[in-house]
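Asker: Sharing a structure, written as structure tokens. Questions coming.
Rule-based calculations on the coordinates, nothing more; no lab input. Since the model is a prediction, treat every value here as computed from it, not as a measurement. All Cβ positions, even for glycine, are placed from backbone atoms using ideal geometry, and neighbour counts span all protein chains on display.
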Amino acid sequence: MICEDLDSFVASLPQNRAIAGLDLGDKTIGVALSDLRRGVATPIEVIRREKFTLDAERLLTLLAARGAYGIVLGLPLNMDGSEGPRVQSTRAFARNLLRLTDLPITFWDERLSTVAAERALLEADTSRKRRKEVIDQVAAGYILQGALDRMAHMAKQAGTAT
């Protein structure tokens, strides 16, 4: 199921299970995973894109092996908040992925996630070559962490745990 808001996404998830964050690019898919309590996002891998069926198979195999129970997909909105061709492509990816999995999927505004990831890698004095290798998974971590932080805030307001 595709959940258009975080409330319905959280409601569809079992307690104390990891969720994945994805930074979907033209050439790669950055993947991050939360801990079981959904407090911390950890970048884990970059999948080099080939074609959808191979990409989806690799992604779903990885998520199953890591015990992910939901997917937060970065939504590349324009800086003014409007939706362009990249958003349409991301939504199409989610619809196609939904045909292959029962995992709930939601979207998270990913504006500036790659910029933040690049800045963090520069501050860590990461070499240019290494930055290029890991930037997408670090961006996925920023996307997922943003969603996790919002989920924690929602739970705090509701007086429950995620």
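Asker: With label points built 7 Å along Cα→Cβ from the Cα atoms of Thr101 and Arg66, find their separation and express it in nm.
Answerer: Spacing of the two 7 Å Cα→Cβ label points: 1.0 nm.
Asker: Taking the number of other C-beta atoms within 10 Å as the exposure measure, put Ile2, Ile143 in order starting with the fewest.
Answerer: In increasing order of surrounding Cβ atoms, one gets Ile2, Ile143.
Asker: Near the amide H of Glu110, under 5 Å away, which other amide H atoms are found, from residues 5 or more places off or on another chain, if H is placed in the peptide plane?
Answerer: Close amide H contacts, sequence-distant or interchain: Leu75, Leu77.
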